[in-house]
Amino acid sequence: MAGKVFFSVTMSLDGFMAPEAVPTEDAFSPEKQDDPGVRRWMSKWAELQAWAFPQRWFRENLKLGEGGEEGIDNDIARATFERTGASVMGKRMFDLGEQAWPEEAPFHTPVFVVTRAERDPWERPGGTTFHFVNDGIESALDQAREAAGERDVRIAGGSETIQEYLDTGLVDEFSVTLAPVLFGTGIRLFDRVDPDRLALNQVRAAASTRVTHLTYTVGKR
């Protein structure tokens, strides 16, 4: 039996899932570290994701050292990882991650990158192999489903890729982690989604002292 297609994102209280200025593809190069725009973007992104950094699972997965917090935030982060049999992402997310991820990329599963660029699979230590798909989001999802088997497929990002899958009706479920930060501007999660096509049903709400986790199933109107 095939698993679900889902995404899981952290969002600011005013509805933004990314800061206003997405950095260029070389944002993480040494010469860009003093760029005010890059520093501002990285500062806001770190503020949005601050709930995850102290979690034991996050520290283990990125090999940041022993210890860390346990509780609902840690349990949800670990469960999201464990349910995922394969991931799909867009080219921009991959380009930024290729610079920022450690050598042992944090996915540990096959990842299918939706792109126009042709490239051989890129295998990393720890079980992550990036496959580059040139014939659209549905083909990438089909390949991810096959690779995932009975486990779920996660649409990892970025925002435009998530919106495209959601608006096309290919997402079964999604989770939003609401962080207590305000961006004012940025990329909204539902900016390009037709609200008349989707029906949402809230199936879970869980809160810690840091964030609130909300999960919805997705249907068609």
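Readers should treat all values here as calculations from the given coordinates under stated rules, not as data from a laboratory. Owing to the predicted nature of the structure, the values given are computational and were not obtained by experimental measurement. Neighbour counts are summed over all protein chains in view; Cβ atoms, including those assigned to glycine, are modelled from backbone coordinates with ideal geometry.
Could you work out [θ]222 nm for the chain from helices alone, using -39500 (n - 2.57) per DSSP H run of at least four and dividing by all its residues? Round to the nearest 500 deg cm²/dmol.
The helix contribution divided over the chain gives -8500 deg cm²/dmol.
Can you work out ³J(HN,Hα) from phi for every residue in the range 8-13, in order, using Karplus 6.51 cos²θ - 1.76 cosθ + 1.60 and θ = phi - 60°, giving whole Hz and x for Gly and Pro?
9, 9, 9, 9, 6, 4
When the Karplus curve 6.51 cos²θ - 1.76 cosθ + 1.60 is applied with θ = phi - 60°, which whole-Hz ³J(HN,Hα) does each residue of the range 215-221 get, with x for Gly and Pro?
Taking θ as phi minus 60°, the curve returns 10, 10, 8, 10, x, 9, 7 Hz for the range 215-221.
What are the ³J(HN,Hα) couplings of the range 137-154, residue after residue, when phi is run through the Karplus curve with 6.51, -1.76, 1.60 and θ = phi - 60°? Round to Hz, x for glycine and proline.
Each residue's phi maps through the Karplus curve to give 5, 5, 5, 4, 5, 4, 5, 5, 4, 4, 5, 6, x, 8, 7, 8, 9, 9 Hz.
Mark the label point 7 Å from the Cα of R83 along Cα→Cβ and return the residues of the range 195-213 whose backbone N is within less than 11 Å of it.
203-204, by backbone N distance to the label point.
Any idea what the dipole of the range 64-167 comes to, in debye rounded to 20, about its Cα centre with Lys/Arg Cβ at +1 and Asp/Glu Cβ at -1?
200
For the chain, how big is Rg over Rh, using alpha carbon atoms and the Kirkwood form of Rh?
Using only Cα positions, Rg/Rh for the chain is 0.94.
Under a cut-off of 12 Å between alpha-carbon atoms, report the aspartates and glutamates in cross-link reach of K91, not counting same-chain residues fewer than 8 places apart.
E25, E118, E160
Can you figure out the FRET efficiency of W45 with L200, using R₀ = 22 Å and their beta-carbon distance, to the nearest 0.05?
Using R0 = 22 Å, I get an efficiency of 0.25.
About the Cα centre of the chain, what is the dipole size in debye to 20, counting +1 per Lys and Arg Cβ and -1 per Asp and Glu Cβ, all else neutral?
Magnitude of the dipole: close to 520 debye.
Give me the distance between the Cα centres of the range 46-91 and the range 95-125, rounded to whole Å.
Each part's Cα centre sits 18 Å from the other's.
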